[in-house]
């Protein structure tokens, strides 16, 4: 807080890098649960995220923060909205990966940083330098080129971008810590998640969770792989400019893009390669600008 220098404010960069690397490698985990229907997997993912969060809340003695958030109507309305958005995001992403639309999922998270920049400037009043606006232009051009060649799956990309972009904005503005917030979001989603699990358990083939011990353990791991990156993201969102956070996010879809190319072996079209190159030019410009500004001493604002 006040004891820290402006340039020594707790950095959200390590948390952002951790979250985006985990999200970028998530398709590798989804290979392990590819036989689980996407809708059922999202239900189990929510169910197993909550106990993991509660254990950490107990360890960090944050139940008072959870209760304080539960008593605040505005906070609860915001978290209700954010929980719906993240639930939609999970469902669409898992469905896309399991149905071979890895590049569409990657594109969604390439669009998302541009949306973050837009939200950061229009809603939060953040300012971009001229160099950063040029970077935005390069990235937007790349996304536009790729979107033009992927119209049939564009709904996947846009749903992922807008659901997660709005989710991050809500989490940045809500007055609750990252862990208590995620715990409440998981609690809000628990009832529909339990309903989904019961529905699949009642089907003739039964629930995927009870069919195989190894698969059941993989499903349970979904709670960890859900909670940890979301916690890191929430920390980063509260500590960083939202526009800057958005550009760092290019790391995750790039990892997904590479997995689609080398692991899932999707066909790489020339239009996709062009998009990839333009976005990396944009990222290089943005990082260069961030680095050059960090080297300058902070200016005192009146």
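The values are calculated or read from the model by the stated rules, or taken from the named source; none is laboratory data. None of the values given here were measured: they were computed from a predicted structure. FYI the Cβ positions are ideal-geometry reconstructions off the backbone, even for glycines, and counts take in every protein chain you see.
Descriptive notes on the structure:
- Only one of 193, 144, 175 that is part of a helix (DSSP H, G or I) and either at pLDDT below 95 or surrounded by fewer than 20 Cβ atoms within 10 Å (Cβ to Cβ) (or both): 144
- Total residues in segment 148-164, condition in a helix (DSSP H, G or I) and either more than 30 Å from residue 78 (Cβ to Cβ) or touching a residue at least 60 places away in the same chain (Cβ under 8 Å) (or both): 9
- Counted residues, segment 23-67 - those being touching a helix residue (DSSP H, G or I) at 6+ places or on another chain (Cβ under 8 Å) and in a helix (DSSP H, G or I): 30
- Residues located in segment 197-217, provided they are surrounded by fewer than 19 Cβ atoms within 10 Å (Cβ to Cβ) and part of a helix (DSSP H, G or I): 197, 198, 199, 201, 210, 213, 214, 215, 216, 217
- So residue 263, is it crowded, with 19+ Cβ neighbours inside 10 Å and either under 19 Å from residue 21 (Cα atoms) or at pLDDT below 80 (or both): no
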